[in-house]
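Asks: I'd like to ask you about the structure that follows.
The values are calculated or read from the model by the stated rules, or taken from the named source; none is laboratory data. Note that the structure is a prediction, hence the values are computed from the model and not measured. Cβ placement follows ideal geometry from the backbone for every residue including glycine, while neighbour counts extend to all protein chains displayed.
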């Protein structure tokens, strides 16, 4: 490759970045100088944090932190290996058992990230003889996982059961051996909770399996926080999830399923076979977070979380903002224009509230928003302060 060709490539990259910025789609990274929590340090000052996935407030919890430290002291920084070579530690098996028992499944397989869990679930289990019927708003990791699989692909509109049934009928008419319905349990950009009761009924009618990504549900939705399927009081075949949100806020993902399914995934799932084992510190912190979430303290945290969400929704609606409807602690403030969302986020930071503007390609064009997220660690006073800042910024920018 000539130097001139290299120059053309780098010029193209620079032009693409300039175009992204001109459209108001640049996503800046702001450096945080403190632990994750309802108050964080940014640019040398403390601000209220309303955009973390820290649903139960455990990411900065000292018990969770110390559990991770103790695990690292015992097991070291990492295994320097994948699981099947010499990377399986006793603490990995302990975490697999703990999350399976908590969520009510036979077994669990761990991944370095929840993205890997969704990327690794379909290809080992389904072939060109099968069909995947996927919700149109599913997370990017599910979409990428489906792309890696040779199964026939069908999509249905979110929450549209008539469309889902039409796709199931088509998959059966096309001769699918197995059909799996794949959906987010709670949709990360909107806070919608999947209609799993209706999905379960259709799955039973058409002999389909159900896979649910519960990254934005595990720990706080349903009885004991077991997830969206518990919220809907149904059973599903596969649950993928994360330790990077409610359960400690670190990283790492998992798939819960029947024991034979997990056994096959451990033999065939490429992200599992070719990635280092989950770090011991993550395992230790996650185990402590599961202990808290599964007990009476978890019940109290969940009650506080939903009280906070209700207070914020009510006050923001009264102030004149357009919110996505629902009960979930993800509460998007809809703005439409990408640049407006970025300007709103910047002004909010000046007013002492850390939020982020979401725009294409994270959300569809024309649906830019500030996605706020409540935590059990927020106080009512902090929520009221955030609403006051939104009101000030909203009036200045002509939103309300």
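Asks: Against the conditions (1) out of contact with any helix residue (DSSP H, G or I) (no Cβ under 8 Å at 6 or more places or on another chain); (2) surrounded by fewer than 21 Cβ atoms within 10 Å (Cβ to Cβ); (3) within 28 Å of residue 395 (Cβ to Cβ), where does residue 320 fall short? Just the number, please.
Replies: (1)
Asks: Let me ask something else about it. Of the numbered conditions (1) crowded, with 16+ Cβ neighbours inside 10 Å; (2) more than 24 Å from residue 40 (Cβ to Cβ), residue 369 fails exactly one; give the number of that condition.
Replies: All conditions pass for residue 369, except number (2).
Asks: A follow-up question, please. Only one residue in 388, 368, 377 is in the same structural domain as residue 303 (by TED's automatic domain parsing) and free of Cβ contacts under 8 Å to residues at least 24 places away in the same chain. Which one?
Replies: Sole residue among the options that is in the same structural domain as residue 303 (by TED's automatic domain parsing) and free of Cβ contacts under 8 Å to residues at least 24 places away in the same chain: 388.
Asks: Another one. Hey, among the residues in segment 85-100 that are part of a helix (DSSP H, G or I) and out of contact with any strand residue (DSSP E or B) (no Cβ under 9 Å at 6 or more places or on another chain), which one's surrounded by the most Cβ atoms within 10 Å (Cβ to Cβ)?
Replies: 91
Asks: Here's a follow-up. Among the residues of segment 346-355, which ones are part of a helix (DSSP H, G or I) and at pLDDT 95 or above?
Replies: Of everything in segment 346-355, those that are part of a helix (DSSP H, G or I) and at pLDDT 95 or above turn out to be 347, 348, 349, 350.
Asks: Considering only residues that are assigned to a loop (DSSP other than H, G, I, E, B) and surrounded by 15 or more Cβ atoms within 10 Å (Cβ to Cβ), look in segment 161-183 and name the one that is farthest from the chain's Cα centre (by Cα).
Replies: Checked segment 161-183; the qualifying residue farthest from the chain's Cα centre (by Cα) is 176.
Asks: Looking at segment 128-152, which of its residues are over 27 Å from residue 278 (Cβ atoms), without any contact (Cβ under 8 Å) to a residue 40 or more places away in the chain and in a loop (DSSP other than H, G, I, E, B)?
Replies: Matches in segment 128-152: 128, 136, 150, 151.
Asks: When the residues of segment 353-366 are narrowed to those that are surrounded by 16 or more Cβ atoms within 10 Å (Cβ to Cβ) and more than 18 Å from the chain's Cα centre (by Cα), which ends up farthest from residue 29 (Cα to Cα)?
Replies: 353
Asks: Follow-up. Regarding segment 69-80, can at least one residue be identified that is over 30 Å from residue 336 (Cβ atoms), buried (at least 22 other Cβ atoms within 10 Å of the Cβ) and at pLDDT 95 or above?
Replies: For segment 69-80, residues over 30 Å from residue 336 (Cβ atoms), buried (at least 22 other Cβ atoms within 10 Å of the Cβ) and at pLDDT 95 or above: present.
Asks: Of the residues in segment 186-200, how many are in contact with a helix residue (DSSP H, G or I) (Cβ under 8 Å, 6 or more places away or on another chain), part of a loop (DSSP other than H, G, I, E, B) and surrounded by 21 or more Cβ atoms within 10 Å (Cβ to Cβ)?
Replies: Matching residues across segment 186-200 total 1.
Asks: Taking segment 201-228 as the search range and keeping residues that are in a helix (DSSP H, G or I) and in contact with a strand residue (DSSP E or B) (Cβ under 7 Å, 6 or more places away or on another chain), which one is farthest from residue 292 (Cα to Cα)?
Replies: So, considering only residues that are in a helix (DSSP H, G or I) and in contact with a strand residue (DSSP E or B) (Cβ under 7 Å, 6 or more places away or on another chain), the one farthest from residue 292 (Cα to Cα) is 206.
Asks: Is it the case that residue 63 is part of a helix (DSSP H, G or I), over 20 Å from the mean Cα position of the chain (by Cα), at pLDDT 95 or above and farther than 23 Å from residue 363 by Cα?
Replies: yes
Asks: Also: Test residue 37 against the stated conditions and say whether it is more than 30 Å from residue 380 (Cα to Cα) and in a loop (DSSP other than H, G, I, E, B).
Replies: no
Asks: Would you please name the residue that is nearest to the chain's Cα centre (by Cα), looking only at residues in segment 334-344 that are under 23 Å from residue 309 (Cα atoms) and surrounded by fewer than 22 Cβ atoms within 10 Å (Cβ to Cβ)?
Replies: The extreme case among them is 334.
Asks: Then there is this: With the checklist (1) free of Cβ contacts under 8 Å to residues at least 40 places away in the same chain; (2) under 28 Å from residue 312 (Cα atoms) in hand, flag the one item residue 55 doesn't pass.
Replies: Going through (1) free of Cβ contacts under 8 Å to residues at least 40 places away in the same chain; (2) under 28 Å from residue 312 (Cα atoms) one by one, residue 55 breaks only (1).
Asks: Looking at segment 252-260, can you tell me whether even one residue there is assigned to a helix (DSSP H, G or I), in contact (Cβ under 8 Å) with a residue 60 or more places away in the chain, touching a helix residue (DSSP H, G or I) at 6+ places or on another chain (Cβ under 8 Å) and over 14 Å from residue 103 (Cβ atoms)?
Replies: So far as segment 252-260 goes, no, none of its residues is assigned to a helix (DSSP H, G or I), in contact (Cβ under 8 Å) with a residue 60 or more places away in the chain, touching a helix residue (DSSP H, G or I) at 6+ places or on another chain (Cβ under 8 Å) and over 14 Å from residue 103 (Cβ atoms).
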